[in-house]
Amino acid sequence: MDSSSGKYSKCRFVVIADSFSRDLLRKYLESQGLLVIALDSGTPWTEIIKKVKLHHATSLVTVNCSHINSAPKNELNDIQWLNLHFGKLPDYKGKMPVQRAILNGEMEIGITLHTIDMAKSCIGIVDVATTPIFREDTAASLYSRCSEIAERMIKKHSYSLINCAILESQRIAFESRNWSEGIPLPDRINWEKTAHNIYNLIRAFNLPAYGAKSSLRGAGITIWSSEIASPFNPEVSPGMILDIGEDMHLEVATGSGILRLLDFAFDEDIKPSPGDCFSSDKDYFSPFNERIPVCAN
C-alpha cells in the first residue's frame with residue numbers, strides 16, 4: 001500500500017535504531033501503509049528534531065535509546081515516544097543491557113516496550129517479554145533474538161501505536177541523566193577471574209567492533225570466541241599459555257579453570273609459546289555485576 005494514500009497516511013514515524021532492528025521495524029510499519037523515516041541510532045538530537053518537524057511526525061520509535069539524557073525536553077512534548085529496551089526495567093536501564101545480562105550470568109533477558117515522557121521525567125511500561133539466555137549465546141545472537149521479539153511486540157500493539165492510544169501498565173520515574181551514565185566498558189581481561197567469568201566477558205563483547213582485550217609480550221590481542229576447556233585449576237600463574245592446538249587455539253590458565261581461546265587476533269606479528277603469560281588487568285572487577293541504581297518511583 002502506498003503510504004501517501006494508505007489508511008494511516010496521517011501517521012508518520014521516525015524510527016531510530018541500529019541497522020538490524022531499524023530495517024525490521026521500517027519494513028513492518030511501511031507494510032501498514034505508514035510513512036517511516038529511519039535514522040541511525042547515533043543520529044544527534046538536532047538532526048532527529050529536524051526530521052520530526054520536517055515530516056510532521058506523530059510518533060518516535062527508538063530501540064535501546066541510550067542517549068535519552070541529551071534529548072531536548074521542550075521539543076518532544078507533543079509526540080508519542082516509544083522505546084524498545086532489551087533489558088528488564090528498572091534494574092537494567094541504561095547502556096548495553098544485553099552485555100550486562102550476559103556478564104551477570106542471567107538466565108533470561110527482558111524486552112521492554114515503554115513510553116518516554118520527558119516533560120514528566122517518567123517512563124510508562126507498555127509490554128514486557130522475555131527470552132532465555134543460553135550458554136552458547138553471544139551478544140550478537142541474543143541481540144538478534146531480542147530484535148525479532150521486539151518486532152512481534154510492535155505488531156501486537158500496532159493498532160494502539162498507530163492511533164496514538166498506547167496503554168501503560170505501570171509508570172516509573174527516572175532522571176534522564178542516570179539512563180546512560182556510570183557504565184564503563186570492561187573489555188579488558190583479568191586472568192585471575194574464573195574461566196567462567198572470562199568466558200562470559202568474551203561472549204558479551206564478541207561483536208567485531210569490540211572483542212575482549214589483553215596483551216602478550218607487549219602486543220595487544222582481541223578475543224572474540226572461547227570455551228571452557230577444564231574446570232580444574234593448574235598450578236601456574238593465571239594468564240599463562242598451557243598449550244597451543246593444531247588449529248592454533250590457545251589454552252590459558254585462569255584463576256580457576258582453563259580457558260580455550262578459539263577466535264582472536266594479535267595487533268602485531270608475534271608467535272605465542274607455551275609458558276608465555278598474558279598481562280592481567282587487575283583493575284577490572286566486573287562492574288557490570290552491579291546493576292544501575294534505580295531512581296525513586
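The values are calculated or read from the model by the stated rules, or taken from the named source; none is laboratory data. The structure presented is a predicted model; accordingly, all values stated were derived computationally and were not measured. Virtual Cβ from ideal backbone geometry, glycine too; neighbours counted across all protein chains shown. What goes into the accessible areas is simple: the full protein's heavy atoms, side chains included, and nothing from ligands, DNA or RNA. Shrake-Rupley method; radii C 1.70, N 1.55, O 1.52, S 1.80 Å.
Reported count of residues in the range 35-91, each being open to solvent by 20 Å² or more (accessible area, probe 1.4 Å), within 30 Å of E106 (Cα to Cα) and modelled with pLDDT of 85 or more, is 2. Only a single criterion out of (1) buried (at least 17 other Cβ atoms within 10 Å of the Cβ); (2) modelled with pLDDT under 95 is not satisfied by I270, namely (1). Total residues in the range 106-133 satisfying the condition of being farther than 17 Å from I68 by Cβ, β-branched (V, I, T) and not in a loop (DSSP other than H, G, I, E, B): the figure is 5. Per the listing E108, E30, the residue uniquely open to solvent by 60 Å² or more (accessible area, probe 1.4 Å) and either hydroxyl-bearing (S, T, Y) or under 19 Å from the mean Cα position of the chain (by Cα) (or both) is E108.
Can you tell me which residues in the range 156-191 are modelled with pLDDT of 90 or more and out of contact with any strand residue (DSSP E or B) (no Cβ under 8 Å at 6 or more places or on another chain)? Answer for the range 156-191, where residues must be modelled with pLDDT of 90 or more and out of contact with any strand residue (DSSP E or B) (no Cβ under 8 Å at 6 or more places or on another chain): just N190.
Tell me which residues, restricted to the range 102-121, are within 17 Å of V63 (Cα to Cα) and in contact with a Phe, Trp or Tyr (Cβ under 9 Å, 6 or more places away or on another chain). Full working, then the answer.
Step one: list which residues in the range 102-121 are within 17 Å of V63 (Cα to Cα), which gives 109-118.
If the condition is that a residue be within 17 Å of V63 (Cα to Cα) and in contact with a Phe, Trp or Tyr (Cβ under 9 Å, 6 or more places away or on another chain), then I109, G110, I111, T112, T115, I116, D117, M118 are the ones that fit.
Confirm whether L35 is of a type outside the set (S, T, Y) and over 23 Å from the mean Cα position of the chain (by Cα). It is true that L35 is of a type outside the set (S, T, Y) and over 23 Å from the mean Cα position of the chain (by Cα). Here D137 meets the list (1) within 23 Å of S31 (Cα to Cα); (2) modelled with pLDDT of 90 or more; (3) part of a loop (DSSP other than H, G, I, E, B) almost entirely, failing just condition (1).
Each residue in the range 94-105 was checked for being open to solvent by 10 Å² or more (accessible area, probe 1.4 Å) and over 9 Å from the mean Cα position of the chain (by Cα), and 3 pass.
Filtering the range 40-53 to residues that are over 17 Å from the mean Cα position of the chain (by Cα) and either more than 10 Å from V14 (Cβ to Cβ) or in contact (Cβ under 8 Å) with a residue 40 or more places away in the chain (or both) leaves P44, W45, T46, E47, K50, K53. From the list S237, S225, S280, the one residue that fits, being modelled with pLDDT of 90 or more and either more than 16 Å from L201 (Cα to Cα) or in a loop (DSSP other than H, G, I, E, B) (or both), is S237.
The range 1-105 holds helices (runs of 4 or more DSSP H) entirely within its bounds, and those carrying 1 or more residues that are of a type in the set (G, A, S) map to 19-31, 97-103.
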